[in-house]
Structure formats: C-alpha cells, structure tokens
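Colleague: One structure coming up, written as structure tokens, with questions to follow.
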Amino acid sequence: MSLTRVLVAGAAVRFLIPTFLPHIVDILAGTAEVSTPIDSFRSLQEAFFYLDNGIDLYDGAMVHHPPIFVSLMKSAGDLAPAYAYIIYNALFTLVDLGTAYKITKLNTWYNQHQSLRLGRSVEGLSPHLLAAFYLFNPLIVLTNWAHSSAIFTYFMIVELLVQALVDHNMFRGAIALGVAAYLSFVPIYLIVPYLALVYAVSKPRDWRVLILKCFCVFFFAVTLLVLVSFALTALPDFVIQCYWLVLSFQKFAPNLGLWWYIFTEMFDFFNPLYKGIFNLYNCVFVAPIALRFFESAKDKKTGDSFLAFYLCLLWVSFSKSYPIVGDLGLAVSMLPIFSQTVIPHTKFLFISTLTLIVCLLLSPIFYYCWIVLGNGNSNFFYSMSLIMGVVYIILFLDIIWGRLVMDYIETNEPKDPAKLRLTQI
Amino acid sequence: MALAETVLRKVYKLGLLPKLFLILPRVSFLLALASVAWLLMLPMDGQFRNTYISENALMPGQVTSYFRESEWNYVRGFRSEVVNWNFSEMSTDNELLTNWLQDFGWSVSKHRDPKTNTTTTYAIMHAPRGDNTEAMVLVVPYFTSEGMPNKGGLTLGPALANYFAKMSIWSKNLILVFPHNGHSVLRSWVEAYHTTLDATAGSIDAALVVEYPSDSDAFGHLEINYEGLNGQLPNLDLINTVTTVASHEGIRVSVQGMSPDDIDKRDYWSRLQVFASGILRLATAGISSKSPGCESFSGWQIQAITISAAGEKGHDVTQFGRIIDSSFRSVNNLLEKFHQSFFFYLLMSPRHFVSIGTYLPAAVLVAVSFAISSLYSLASGVTTPEFITHISDVLFIFTGIEAVCLLLSLLMQTIVVNATEGYTTTITIVYGLVISTLVTVLSTLAGNNIKILSKTHSYMLLAFALFFIAMLIVSMLIVHFALAFSIGICALPLTFIQPLINMCNAGNGSLIKHKLRIAMCLLISSPITVVVALGYLINDGGMFGIANFSHGLFVSWDAMQSWTYFIIALGWYPAWSAIAVACIFGDFRIESVKQKAD
C-alpha cells in the first residue's frame, strides 16, 4: 500500500462516516472518554449560538474554547450554513491527514538523524505504515469523529516539530507551539523540551540565538494571540474560562484523568493543596526529562532530545486536568517512529496494550453503570481512570528504560546484546 | 523490585519459559475448573453473608398496618365483582375499575400501545405531603406470568387504592398500573412513562408487581422474583424490606421458585439450587414469555420486584395487602433514592447472599482461562514478526465474520418480529441454524484439502477468537455476571481445540480420534446447541420449549430491550464461527509435519 492510498482510506473513514451518520458526532461529543468540556464540539456549537445571538461567549461558563478559534470555526461553518456539518467533517479530516503526513516526515527525519549520530544506518518503518498508525488508530478516529478541538492541537504539536526539524526553522516552530498553547494551554510546558531539542539539533549551537530568540518568539506569539483575543472579546473573561479553568480544575466533569475524582469526593478545604500539587506534577518533570536525554555535542551515542520531547508530551498528557483518549492516541501513533531505537529494548508493550484494551472496554460500561443504570458509582469509572494512568506509566517507564538500555549498549558495546539483562540499582 | 528481578533471572536461568508454555493448556483448564469450584464453594457455611437492612431510613415492619379486618369487607366486595370478569376483554377497557379508582380520588389515565395493540389503565394519587417529584408503583397485571387471571391481585389493587387514598402519610406519589401482562405490555408502559405520557408523577423509586392468581382468602407463602434485564438487579434493600415485612407477618418467603417444603431447609444443596437457579434466570431474563414482570422496569433506575402469593392455606389475603402497604411505607420513608446496600449480589436464600466481590473472581478466572488459551494458540505457531505483519489481515477476516453475523442476526430478528406466525417462522429458522451448525461441524472432519488460510492466519484467527471471548467476558464481568459466566463455561470446549491440534501435529494418538474430538468441542460450544438445549431443558420445555425459548430470544430486543440476543449473535457466535472457519479452512501443520507428509 502506498502512502496515498493510506491517506485516502483514512480520509474516507473520517469524512464519510460522520457525513452519513451525523449522530455519531453528537454522541461522541457527549462521551466522557472522548471529549471534555474544554475541547468538546458541543460547547463549540453553543459558542456559535452565542455569537449568532450576540451573547457574550464566556458569560455562563459554558464555552471554554479560545475566541480566535471560535471565530475561525464559525466563519468556516458560515461558508455554507446549510452544509456546515459537512464542512466541519471535511475540515477535521484535512487536519488529521495533515498530522498523519507530517508524522511520516518526522519519521524520516528521525531515522536520518539517528543514522548520523550513531554512525550506522537506521532503517525506520515505511511512511505508509506510520500514516496508517495515526489514521487508523481507533483512539484518534474517535477523537476526530467527536470533532474535538484537540485534533488541532495535535496538528500543531506535530507541525512545530516538522518546522523545527525538517524545515530547520525553529522560529516558526516556536510560533506553532504558541498556537498549540493558545488552543489548549497544556502544550505550553513543551517549550522546555522544544528549546532543548532545537539547541541539540542546530549547528552551530549558539544558545543566545537559539534559546533566547526562540523563547522570545514563543512568548510574543502567545502574547499576540492573547491580545488579539482580548481585542475580539473586549473582556479578559476568556483567560479565566479557557486557561484558568485548566489550572484550577473548576469544571468538575468525569474524564479519564486522575484528578477529577479527588475534587468531587474530598473535603473542599483540601482543594488549594490539591490544585497546587497537581499543577506542579503536570510540569515539574518536564525539565528533568529534557536534561536527562539531552544530546550532548561530545558524546554522540547517548541522549535523544526528540525522545525527550516525546516523553514530555506523554507526561503532560498523563497528568493534565482534562485528558481524552486522543492524547494517548497521538502518543501511541508517534511511538513507531522509534521502531529501531527504543522499541527493540522495551519489555512491556504487550502488557500495556492488553491493559489499554481492557480499560477502553470497561470504562464506557462503568460510566453507563454509574450514570444511566444507577447501580454503579463514581468509583467504578474512576477505577478505569486509574487503569488508564497505569497504562501511561507503564508506557512511560518502558520507553525510558528502553532508551537507557540502548544507551548502555551503544556506549559499552557488549558482545551479545540480545542476552544482556540490565538491572536498576 | 529486587525480588521480582531475582525471580525473573532465576526463571530465565532455569529456562522455565518453554516449560511453562507446554503446560499452558493445563493451566487454562485448571483455571476454568477453579472458577466453577469457586462458585460451588460459595454456598458453604461461612462463605456467604446474612442480609441486613443497610439504609436505616427504611425501618421495615416498624409501622402498624391498618389493612386488616376493617378492609376485609372491601376486599370481599371487590372480589365478588372481579371473579365474574372476562379478563381478556376487561384488560383493554375496564370501565368499572376506572370508576372505582376515580371514586377513591385517583386520577385515571390510559396508555395506548400500538406495538402490542393494548391499552393500559393507570392511576395516580398525588402525595398529600410530597413535593410531587417521586413515586412508587404498584403493578397489577391482568394475567400472571403463568398466564392465569390475576384475580386476587385485581381484588387487592382497588382495595389498596381505597385504603391508600384514606391515609395522609404519603410523601411520594403512588401509581397503580393495570397492564394486560407483566411482559412487553408493562415494558412499553414503563418506556412511555419516561418518554411520552402526559400524566406522570415524578421519578419512580420502587415498584412492586403483584401476582395473586387464586380467588381464595388464603395463601401459603410469598414468592419473590427480582431478576432484571441485562444483568440488573433491584437494590438488595428492597428485597430485604419485603422479606422483613413478610417475616413480621409470620409469612415464609421463597426465592427462585423454591417449593414450600424446601424453604426451611438450611443445607448446602438447597442454597446451591437457589444460587444456580439465580444465575440461570439472570442470564436468561427477558427471554422467557413467563417473565415475572419486575424486569420491565430495568434501565430506568427503578428498584422493582415481583411478589406472588403461592400455596393454598395458612395466611389471609389481607396479610398480603399488609406486606404491600408496609413495604410502601418503608420506601415512603426514604429521603434519597436507593443507594445503600448492594446492587450486585446473588441470593442463596431470601436471607443469605453473596456480594459481587465474592463471586466475581469466578468470571475473572474463566476470562483468564480464555486469555491463556489464546496466548497458547498464538505461541504454538506464530512468531512476533509474523504477528505484527499479519494482525491487520486477521482483524480484517474477523471483522468480515462479525459483519456477516450482524447482517444475519438483524435479518433473522426482523423476520421473526414481523412474522404473523412467529412460532412457525422461529422453528424454520432454528432448523436452518441447527443444520448449518451440523454441516459446519461435520466439515471439520472432512475438509482436509481446502487450505485457504495460511498457517499464520489460522493460528492467529484461532487465538484472536479466544481472545475475543475473553474480552467479551471481561466487558460483561460486572454489568452482567450471570451471562458472562454462562457464556464462559458453555464456550469452554473451544479452548481444548488448540491442544488437540497440537497433538495431531505431534502425531500422538490416531488422527481421526483427534478430529472427532475437535468436532465434538465445536458442537458442544456452539451457541445454537446451547440455546436449543436450554429451551429443551428449562421450564418443562421439550420440543415446544425450544420454539418458545428461541422465539423469546429473537423478540427479546424488540419487546424488552434485552441485550442478550446481540451479545450471543455478535459476541459468542462470531468467535465460534471464526474458530470453525480456522478449523475447516485453516492450515495448522507445522513445518516438520509438512516435510514428513511430503
């Protein structure tokens, strides 16, 4: 199968099914695992209604999409109001195709880069397989059908990597990161591994140009977007509804994340402590990961800044306040990029896959037991949130350990790597 | 971690993994045995618990019920009218009953259901002390689950309506429903109540379905039925309330149709009987047309049970009324909906139960047993690179099988539901299915030449089908334990097929014997065989029972919104078919055997 055929098939799945079964969008947009208040298509439609009727978008705490995004989506739908849903189907399809295509680019770059560093040819998987991993990943397909705005964030995350690595334009990458952060806040933490990555891949390594300028570009990109939003709405409310909400866990809605349960079931006076800790948790590991896997200029064989970026993405998705299955979907779809470096040294992919399948099967059933049948309770659904956390952690530890084993093999060159069994001390 | 690391190193050093692989089939079978043993152990002393009232607000049996001598004459008066009724005519339009209820101050409404072509009368009494948001329902079907006219029930209905209307203590609305039967007619009323009906009385907390077929003053004991659809059960507190109230009246209670002689037995076998019958009835709820009626309330967060008067003598008809009255007054005390106690339990007797944590491991063990067989099957003939390159093909094949099953199941269901002669059509379809099963099973014996599937595909398809069953059991583990466990046990012979194939490959024993055994495994574990056998065996079935049971299965989604048909048709049957396909068209010969043959 060629790449084109994969892209066409992926597009067909994304475009035809919601076009012929429009209900699927509504149903999925109301499903706890696939969309949360901050990215749901329902609240976006609510926002369109507010715009049409001249109501302030952020009055009533129903809309949590940033203003520019709402305006752009509204104008897209207004091209042909009667066929707006088809336009959105097409738009979301196109964005996903873009993401898939860019992931194939990243794959090619990564394997070339590793070949250069390791001094031997690293043959990754073929582009069409990579595209298929993204396009036929059920987690991504569901997120796409739900028309979750996270799809745009995923595109921006992949795009910023492509800009910085393939096109060698780290400033445009920084702008893309700014857009991603503007869209859904949490990618803001990725600036740390991003700076480390652009610093590591650039020649010559001039930290003033790379780190300072890049950061300034990022900062001003975000600031500009926020100011334009402010100009659009004339009120700072959107900051509270779009970003402060993410930091302060204001909207209690069951999701696959680890935190919602704590706020619904615990005493209120603990809340400030929890909010502090959970936010800290979300960002505190970003810098250590970026440093540990930094590609030093002297030692060519160890370190992998791209992997560091990937791990940070995984960590941020794991510990964010409103996660959806698509977050894991993006991470899983990008995993095959490491098919020749980390994956041969991982041990628990089979176990984490099985755990994930069980979690995805049971979580909607437990949600149904709790909300519809009334014979279960929130503990049922939260248990599956915890299992999802376990999946993340197994994957995370597995990849880190895989890379460390690889570093050991590259530096020590043992006789028979297949029989090598390393232990943590 | 250090300990785990030491153990893992030891395992590698001693080369335990290949040895472990060889005993996987035995492990799988032992787990399945352990699962059954686990359930058999539960009725033993010390393994189960006594029931208790968990919600303190209920306070069952603490009030004095005044439904006694003074109401006796009302009951007799109503009965003298009711015994003269022609029940099948009156069930659609009963002006007399309507007038009675209106005289007592109830507002009477009608629900016309085009699907079953019936009209259901129901009456609402708005609570004098309530905020009009919650209700309790008393259902008196015209015909009991056995098809008898519910004479005593229809006597007690208006008598209680008269009595309830005189009391000022109600804080929840009361609804009296008189459906033609407790099956699809009641189900459609419940659905209409939550969707289309104009005259409603708030969310329903609890419902009692009353069956009192005799027209005598006396009855022997109380029977409780409680199974809901799709594995749902009413809150155990409701059963406890009724049981406690009944015991305050000195009335014995039986569950699962225990005969009066067995009620007082407190031995292992009687508990096991109730326990096993509970699992079977829960698994087949919504299928039999003799369903007790309480399951019609499933899915709307309503706790419902059916109480029926059984036996000839011992207790007075007003005592039956007092049980209803006293139970309603307990529910009336509730400040929140039922949320304490248990929603997942299995009863051993009216006063003994096991909760989900105790019985769940049985189903988990079956699921693990299937997962291990799947792993064994995979490890028997597939390497990791082969797995990665072929997994999409296998998923594609299985999706194809699933699609065919979906089409066929919808087609058969539509045909049966719309047929004028439902039973004849069902019998024809069942014949067709049985013949196709037999043909499939026989062709595993014959088919040696057609090898469409490659070796990797065959092994992987078999493994995937077993894994699919494991996941099916896992997904129903909590929500429908009874069905999950039953499917697991019935489909268990499918796990023996791979070991048998491996024996063929190794050349142990005669080939034809192994092939016969594989065919037997397939035959026993087919859902069609099991449905036919169940229809033949339960409810004094015989040949008529088969038609009845299959017909119930086909129409259960349409009439009751029971998922059982689709779980069998889209879960169990595709997995079985995939294994059959792998056995018929698959090539399981490993290289050494092939070379020998060549």
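The values are calculated or read from the model by the stated rules, or taken from the named source; none is laboratory data. Since the model is a prediction, treat every value here as computed from it, not as a measurement. Note that each Cβ is placed from the backbone with ideal geometry, even for glycine, and that neighbours are counted across all protein chains shown. For the accessible areas, the whole protein counts, side chains as well, though only heavy atoms, and no ligand, DNA or RNA atoms are used. Shrake-Rupley method; radii C 1.70, N 1.55, O 1.52, S 1.80 Å.
Colleague: Out of B:V185, B:V139, which single residue is in contact with a Gly (Cβ under 7 Å, 6 or more places away or on another chain) and either open to solvent by 20 Å² or more (accessible area, probe 1.4 Å) or not charged (D, E, K, R) (or both)? Give the steps one after another, and end with the answer.
Modeller: Details: B:V185 fails: in contact with a Gly (Cβ under 7 Å, 6 or more places away or on another chain).
Going through B:V185, B:V139 in turn, the sole match is B:V139.
Colleague: So, one more: Answer yes or no: is there a residue in region B:36-57 that is part of a helix (DSSP H, G or I) and of a type in the set (F, W, Y).
Modeller: Of the residues in region B:36-57, the ones part of a helix (DSSP H, G or I) are B:36-41, B:56-57.
Among the residues that remain, those that are also of a type in the set (F, W, Y) are: B:38.
Yes, the conditions are met somewhere in region B:36-57.
Colleague: Looking at B:P43, is it more than 14 Å from chain A (Cβ to nearest Cβ) and touching a strand residue (DSSP E or B) at 6+ places or on another chain (Cβ under 8 Å)?
Modeller: On the way: more than 14 Å from chain A (Cβ to nearest Cβ): yes; touching a strand residue (DSSP E or B) at 6+ places or on another chain (Cβ under 8 Å): yes.
In short, yes.
Colleague: Looking only at residues that are over 20 Å from the mean Cα position of the chain (by Cα) and of a type in the set (A, V, I, L, M) in region B:207-244, which one is farthest from B:I323 (Cα to Cα)?
Modeller: Within region B:207-244, the match that is farthest from B:I323 (Cα to Cα) is B:A218.
Colleague: Next up: So, in region B:443-490, exactly how many residues are farther than 30 Å from B:F344 by Cα, touching a residue at least 24 places away in the same chain (Cβ under 8 Å), open to solvent by 20 Å² or more (accessible area, probe 1.4 Å) and not hydroxyl-bearing (S, T, Y)? Step through it out loud before you land on a result.
Modeller: The initial filter retains those residues of region B:443-490 that are farther than 30 Å from B:F344 by Cα, namely B:443-464.
Remaining after also requiring touching a residue at least 24 places away in the same chain (Cβ under 8 Å): B:443-445, B:447, B:450-464.
Filter once more, keeping what is open to solvent by 20 Å² or more (accessible area, probe 1.4 Å): B:443, B:445, B:450-455, B:457, B:464.
With the extra rule that they be not hydroxyl-bearing (S, T, Y), the set shrinks to B:445, B:450-453, B:455, B:457, B:464.
Residues in region B:443-490 being farther than 30 Å from B:F344 by Cα, touching a residue at least 24 places away in the same chain (Cβ under 8 Å), open to solvent by 20 Å² or more (accessible area, probe 1.4 Å) and not hydroxyl-bearing (S, T, Y): 8 in total.
Colleague: Out of curiosity, is B:F320 outside any strand (DSSP E or B), over 23 Å from the mean Cα position of the chain (by Cα), in contact (Cβ under 8 Å) with a residue 24 or more places away in the chain and more than 14 Å from every other protein chain (Cβ to nearest Cβ)?
Modeller: Numbers: outside any strand (DSSP E or B): yes; over 23 Å from the mean Cα position of the chain (by Cα): yes; in contact (Cβ under 8 Å) with a residue 24 or more places away in the chain: yes; more than 14 Å from every other protein chain (Cβ to nearest Cβ): yes.
Yes.
Colleague: A follow-up question, please. Which condition from (1) in contact with a helix residue (DSSP H, G or I) (Cβ under 7 Å, 6 or more places away or on another chain); (2) assigned to a helix (DSSP H, G or I); (3) within 14 Å of another protein chain (Cβ to nearest Cβ) is the one that A:G376 breaks?
Modeller: All conditions pass for A:G376, except number (2).
Colleague: Quick check on this structure: which one of A:P336, A:P364 is within 11 Å of chain B (Cβ to nearest Cβ), touching a Leu at 6+ places or on another chain (Cβ under 8 Å) and in a helix (DSSP H, G or I)?
Modeller: Working: A:P364 fails: touching a Leu at 6+ places or on another chain (Cβ under 8 Å).
Answer to the check: A:P336.
Colleague: Output the qualifying pairs, or none if there are none: Cβ atoms under 7 angstrom, residues six or more apart or on different chains, first residue in region B:541-559 and farther than 26 Å from B:P114 by Cβ, second residue open to solvent by less than 30 Å² (accessible area, probe 1.4 Å) and of a type in the set (G, A, S).
Modeller: These pairs meet every condition: B:G541/B:G535; B:G545/B:G535; B:I546/B:G535; B:F549/B:G535; B:F549/B:G541.
Colleague: B:Y345 versus (1) open to solvent by less than 10 Å² (accessible area, probe 1.4 Å); (2) in contact with a strand residue (DSSP E or B) (Cβ under 7 Å, 6 or more places away or on another chain); (3) away from chain A (no Cβ under 14 Å): which is the lone unmet condition?
Modeller: Looking at each condition in turn, B:Y345 falls short on (3).
Colleague: For region A:252-270, enumerate the residues that are in contact (Cβ under 8 Å) with a residue 12 or more places away in the chain and not aliphatic (A, V, I, L, M). Write out each step before concluding.
Modeller: Applying the first criterion (in contact (Cβ under 8 Å) with a residue 12 or more places away in the chain) to region A:252-270 yields A:252-265.
Selection gives A:F252, A:P254, A:N255, A:G257, A:W259, A:W260, A:Y261, A:F263, A:T264, A:E265.
Colleague: Restricting to region B:380-396, and then to whatever is buried (at least 18 other Cβ atoms within 10 Å of the Cβ) and of a type in the set (A, V, I, L, M, F, W, C), can you tell me which residue is farthest from B:L453 (Cα to Cα)?
Modeller: So the residue we want is B:V382.
Colleague: Further question on the same structure: Mind checking which residues of region A:406-420 are within 14 Å of another protein chain (Cβ to nearest Cβ) and either within 21 Å of A:D304 (Cα to Cα) or surrounded by 10 or more Cβ atoms within 10 Å (Cβ to Cβ) (or both)?
Modeller: A:L420 - this is the single residue of region A:406-420 that is within 14 Å of another protein chain (Cβ to nearest Cβ) and either within 21 Å of A:D304 (Cα to Cα) or surrounded by 10 or more Cβ atoms within 10 Å (Cβ to Cβ) (or both).
Colleague: Turning to a different aspect of this structure: Of the residues in region B:469-504, how many are within 11 Å of chain A (Cβ to nearest Cβ) and either in a helix (DSSP H, G or I) or touching a His at 6+ places or on another chain (Cβ under 7 Å) (or both)?
Modeller: So in region B:469-504, the residues within 11 Å of chain A (Cβ to nearest Cβ) come out as B:470-480.
After this cut, where a residue has to be either in a helix (DSSP H, G or I) or touching a His at 6+ places or on another chain (Cβ under 7 Å) (or both) as well, the list is B:470-476.
Going through region B:469-504 one residue at a time, the tally reaches 7.
Colleague: Filter region B:221-253 down to the residues that are within 14 Å of chain A (Cβ to nearest Cβ), part of a helix (DSSP H, G or I) and touching a helix residue (DSSP H, G or I) at 6+ places or on another chain (Cβ under 8 Å) and list them by number.
Modeller: B:L229, B:N230, B:G231, B:D237, B:L238
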